[in-house]
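Engineer: Starting off with a structure, shown below.
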Amino acid sequence: MKKNLKNQFYISLLILSILLVIGLIFFQIKALFSEPAERTMTLLAASGDSPANYKGEVASISLKVKNGDGKVVINTEPLTQLDTQISMRFAQQSACDYLKIDCSNKDFFYKIKASSQIIGGPSAGAAATILTISTLSNKDTRKDVAMTGTINSGGAIGAVGTLKEKIDGAASNKISKVLIPEGIRTIKRNETEINLSDYGSSKGIKVIEVSDIDQALVQFGIEPRKRQIANYNDSKFKNLMKNISDDLCSRTLELSKKISFENRTNDTIDLLKKEKYYAASSFCFIDNIRAQEKLLSKLDDSEINKLVSELKFKIKDEQIDLKNQKVNTISTLQTNMIIAERLKDAEDAIKAIEERLNVSSQNKTNNNRTDTITSLAFAIERMQTIESWKVFYTLHGKEINLDDNLKNTCSKKISEAEERLQYANLFARGDRNQELDDAKKSEKDKDYALCIYQASKAKAEISADISTIGATRESIDEVTNTKLRLAEQSIKEKSSNDLYPILANSWVEYGYVLTSRNQTAAGLLYAEYALELSDLSIYFPEKQDRKIKISQEAEIYFQGIITALLGFFLMILLYELKIQLKSRN
């Protein structure tokens, strides 16, 4: 009886061991073959050395994803005129963020192949994003559809040039549908308006405008994901922003008791009624500068000098406080950016004042004094806003992993802005951007939060500029409204996930106010600002509990060791079972 029980025990243990070995072998095989298949799609492009000589081309873009450590590699045949590495990396980040998956354990190998040298650069960004989503989700795209457009924060698809030429290229390569960024279906060429939808129809191509990743995926035959914005509530932001407007507008009231000045009180009251607190704060800030200028004009030079000295000490104190401030969420990071910008503005104003004050007495003019008063008034009121904005340090959210990411993100944002600037230069849109120059200086000074802010603004300004290439007034209005809507959508999604992009929230509000007052160009700029600052979380992973990170190769290696040990244990069991059976016989 005891021998039978012992035999049954060994047999059960043997079966269990066999199942474990089979299971481990299965998971090893699955891990080895879990890499998604390589995918390819058509890429609309242009070639040529100047706008007058640009010609539409069709290239192919392919992607192979392998197990790895997050590398993004781009190979172009032949080399493109502009570096495409930055836009491919941003496309990869955007796709991973869109699918809500961790891509740090995967390597991405993009390949662009064309028959001749194409321009490249950010215009391939949107297509690369769709290809990456298609590859990671293992879903095929329609082969008769092609698209062009940049990819921007929040999944927005941005404007590009050479659209007419790209439609020509598509028509010669059996493409039946071309996707272009929303709002630019009508372009100007030599003062002649061209409707791209009609032009495409004449070539047998259906031209469709798309504003974001969701709309593009639908046209490629892939169902977009459902956005998680059900829990969105902007009451936290509004309450804190109301505190700021209360502070600044109360100051306006106090200053008006001291001196009479031109103000926008009626506009401010209207904005406060509509709960447009950031816009109201901006109006009150401008009024406060005007009042301060009048008060300062009554002071003599010695009193001006004294105020300048006091302000310099105050700036240094605030800079020390800023360095000691704990930053661990998107909202605290953006609050730091806001305060850092105000400190820089005040410091620059003081430097300008000191340069004027150092001018020899015989060269002093009334203009010098007027400029000094204007700069000092601005610096005083700029510093005044800092204390008000500190209220946003109380807005708690999900902790993000800064570590070395601040420095790396500063570098990435500068590269993104530079790539956009190079692309804009193809259409003679200027080769400098002050915000970009400032960002590079901040990087050199190791002020990485301010660098990210300035580089984001630079990229936004360049993107806004590109959006106006050949655009009509009506199309600019449409683009502005689309960008504001997409920024608002991105803000809602991030805020629902406790990642509060307070700057983006402020600028969306201001963008809507500007467009409602027929200041569309300014509205477009603030829409681009909002988009860029709405989705910084793609650069900063959420903070995880400390744990050992093991690569997929290491996991397979350890599984192999366990499989071998279990196999050895299985052999012992078989040997023991054989002995038991012999003794039974």
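The values are calculated or read from the model by the stated rules, or taken from the named source; none is laboratory data. In this text, all values refer to a predicted model and were calculated from it rather than measured experimentally. Virtual Cβ from ideal backbone geometry, glycine too; neighbours counted across all protein chains shown.
Engineer: Can you tell me which residues in segment 309-331 are part of a loop (DSSP other than H, G, I, E, B) and basic (Lys, Arg)?
Structural biologist: The one that is part of a loop (DSSP other than H, G, I, E, B) and basic (Lys, Arg): LYS326.
Engineer: Continuing with this model, one more query. Out of SER115, SER87, I need the residue that is at pLDDT below 90 and either more than 26 Å from VAL58 (Cα to Cα) or among the polar types (S, T, N, Q) (or both). Which one?
Structural biologist: Within the list SER115, SER87, the selection yields SER115.
Engineer: Filter segment 55-65 down to the residues that are surrounded by fewer than 21 Cβ atoms within 10 Å (Cβ to Cβ) and under 25 Å from the mean Cα position of the chain (by Cα), then identify the one that is farthest from PHE427 (Cα to Cα).
Structural biologist: The extreme case among them is VAL65.
Engineer: So which residues in segment 68-85 are under 17 Å from THR40 (Cβ atoms) and assigned to a loop (DSSP other than H, G, I, E, B)?
Structural biologist: THR84
Engineer: So which of SER62, SER87, SER116 is of a type in the set (Ser, Thr, Tyr) and closer than 21 Å to LYS139 by Cβ?
Structural biologist: When all the criteria are applied, what remains is SER62.
Engineer: Here's something else I'd like to know. Test of understanding: among SER281, SER245, SER260, which residue is small (Gly, Ala, Ser) and at pLDDT below 95?
Structural biologist: SER260
Engineer: Before we move on, is ALA522 aliphatic (A, V, I, L, M) and surrounded by 24 or more Cβ atoms within 10 Å (Cβ to Cβ)?
Structural biologist: The answer is no for ALA522.
Engineer: Something else about it: Condition test on PHE90, is it part of a strand (DSSP E or B), buried (at least 22 other Cβ atoms within 10 Å of the Cβ) and among the aromatic types (Phe, Trp, Tyr)?
Structural biologist: When the stated conditions are applied, PHE90 does not pass them.
Engineer: Out of all the residues in segment 65-72, is one or more outside the structural domain of ILE469 (by TED's automatic domain parsing), among the aliphatic types (A, V, I, L, M) and at pLDDT 90 or above?
Structural biologist: Yes, there is a match, as at least one residue in segment 65-72 is outside the structural domain of ILE469 (by TED's automatic domain parsing), among the aliphatic types (A, V, I, L, M) and at pLDDT 90 or above.
Engineer: Can we say ALA554 is of a type in the set (A, V, I, L, M, F, W, C), surrounded by fewer than 12 Cβ atoms within 10 Å (Cβ to Cβ) and modelled with pLDDT under 95?
Structural biologist: For ALA554, the condition - of a type in the set (A, V, I, L, M, F, W, C), surrounded by fewer than 12 Cβ atoms within 10 Å (Cβ to Cβ) and modelled with pLDDT under 95 - is met.
Engineer: Continuing with this model, one more query. Return a yes/no flag: does segment 206-215 have any residue that is closer than 19 Å to ALA527 by Cα and of a type in the set (Val, Ile, Thr).
Structural biologist: yes
Engineer: Within the set of pairs 6 or more residues apart or between chains, which connect a residue that is buried (at least 24 other Cβ atoms within 10 Å of the Cβ) and in a helix (DSSP H, G or I) inside segment 481-510 to a residue that is basic (Lys, Arg) and at pLDDT 90 or above with Cβ atoms less than 6 Å apart?
Structural biologist: These pairs meet every condition: GLU509/LYS276.
Engineer: Residue check, LYS206 against (1) of a type in the set (Lys, Arg); (2) out of contact with any Lys or Arg (no Cβ under 8 Å at 6 or more places or on another chain); (3) modelled with pLDDT of 95 or more, all met but one. Which one?
Structural biologist: It fails just one condition, (2).
Engineer: Which number in (1) hydrophobic (A, V, I, L, M, F, W, C); (2) surrounded by 17 or more Cβ atoms within 10 Å (Cβ to Cβ); (3) modelled with pLDDT under 60; (4) in contact with a strand residue (DSSP E or B) (Cβ under 9 Å, 6 or more places away or on another chain) marks the one condition that ALA46 misses?
Structural biologist: Every condition holds for ALA46 apart from (3).
Engineer: Quick one: which residue in LEU299, LEU271 is surrounded by 13 or more Cβ atoms within 10 Å (Cβ to Cβ) and at pLDDT below 95?
Structural biologist: LEU299
Engineer: Hey, another quick one. Report yes if some residue within segment 319-340 is of a type in the set (D, E, K, R) and buried (at least 16 other Cβ atoms within 10 Å of the Cβ); otherwise report no.
Structural biologist: No, that holds for no residue.
Engineer: When you scan segment 282-294, do you find a residue that is more than 24 Å from SER495 (Cα to Cα), buried (at least 16 other Cβ atoms within 10 Å of the Cβ), within 34 Å of the chain's Cα centre (by Cα) and of a type in the set (Phe, Trp, Tyr), even just one?
Structural biologist: Scanning segment 282-294 turns up at least one residue that is more than 24 Å from SER495 (Cα to Cα), buried (at least 16 other Cβ atoms within 10 Å of the Cβ), within 34 Å of the chain's Cα centre (by Cα) and of a type in the set (Phe, Trp, Tyr).
Engineer: Which of the strands (runs of 3 or more DSSP E) found entirely inside segment 154-244 contain at least 2 residues meeting this: free of Cβ contacts under 8 Å to residues at least 60 places away in the same chain and buried (at least 23 other Cβ atoms within 10 Å of the Cβ)?
Structural biologist: So the answer is 177-181.
Residues checked against (1) crowded, with 22+ Cβ neighbours inside 10 Å; (2) closer than 30 Å to THR192 by Cα:
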position: ILE386; (1), (2): no, no
position: SER415; (1), (2): no, no
position: GLU443; (1), (2): no, no
position: ILE452; (1), (2): yes, no
position: GLY470; (1), (2): no, yes
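Engineer: For segment 437-466, give me the residue count where each residue is of a type outside the set (Gly, Ala, Ser) and out of contact with any Asp or Glu (no Cβ under 7 Å at 6 or more places or on another chain).
Structural biologist: Residues that pass the stated criteria total 14.
Engineer: Here is a follow-up. Restrict the check to segment 161-179 and report whether at least one residue is among the polar types (S, T, N, Q), assigned by TED's automatic domain parsing to the domain that holds PHE90 and within 23 Å of GLN422 (Cα to Cα).
Structural biologist: Among the residues of segment 161-179, at least one is among the polar types (S, T, N, Q), assigned by TED's automatic domain parsing to the domain that holds PHE90 and within 23 Å of GLN422 (Cα to Cα), which makes the answer yes.
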